[in-house]
């Protein structure tokens, strides 16, 4: 799957509690940098999402996806930015976000999250 599809699949896996797929999408050294914390390691991140995140049953509607291919790349986007919203279990907005995905091969190596309440 191309990197844009992988980024979209990341949110589907989060929203559907599909932690096996989420694990498969990430490199072992995955890191998630967000305003309130950095989570390092694929296994640590998946455990956080499965067991520790403060709000479960959320959804991530995506408003736009942007792809950037560096000049030395052959084809697929090296970075994908996603603009979307986090909704609570009742469908109410929690925060707007931009996530920047950086890839190593076909897997996500890092996600940098920027939020706006």
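A short reminder: the numbers here are calculations on the coordinates, not readings from a lab. Model, not experiment: these values are computed from the prediction. In this analysis, Cβ positions are derived from the backbone assuming ideal geometry, glycine residues included, and neighbour counts consider all displayed protein chains.
What order do you get for 103, 30 when you list them from fewest to most C-beta neighbours inside 10 Å?
103, 30
Would you order 4, 104 from fewest to most other beta-carbon atoms within 10 Å of each residue's own beta-carbon?
With the sparsest Cβ surroundings first, the list reads 104, 4.
Return the distance in nm (one decimal) between the two label points of a simple spin-label model at residue 78 and residue 55, each offset 7 Å from Cα along Cα→Cβ.
Between residue 78 and residue 55, the label points sit 3.5 nm apart.
Dividing the convex hull volume of the Cα atoms of the range 3-116 by its residue count, what figure in Å³ per residue is obtained?
97
Relative to the first principal axis of the alpha-carbon coordinates of the chain, what is the inclination of helix 3-15, with its axis defined by its Cα atoms, in degrees from 0 to 90 and to the nearest 10?
The two axes meet at around 20 degrees.
For the chain, what does -39500 (n - 2.57) per DSSP helix run (n ≥ 4), summed and divided by total residues, give at 222 nm, in deg cm²/dmol to the nearest 500?
-6000 deg cm²/dmol, from helical runs alone.
Share of antiparallel DSSP beta bridges in the chain, in percent to the nearest 5?
The antiparallel fraction comes to roughly 90 percent.
Calculate, for residue 43 and residue 114, the FRET efficiency according to 1/(1 + (r/R0)^6) with r their C-beta to C-beta distance and R0 22 Å; round to the nearest 0.05.
That gives a FRET efficiency of 0.35.
Among 38, 23, 110, rank each residue by its count of other Cβ atoms within 10 Å, from fewest to most, as a rough exposure measure.
The order, fewest Cβ neighbours first, is 38, 23, 110.
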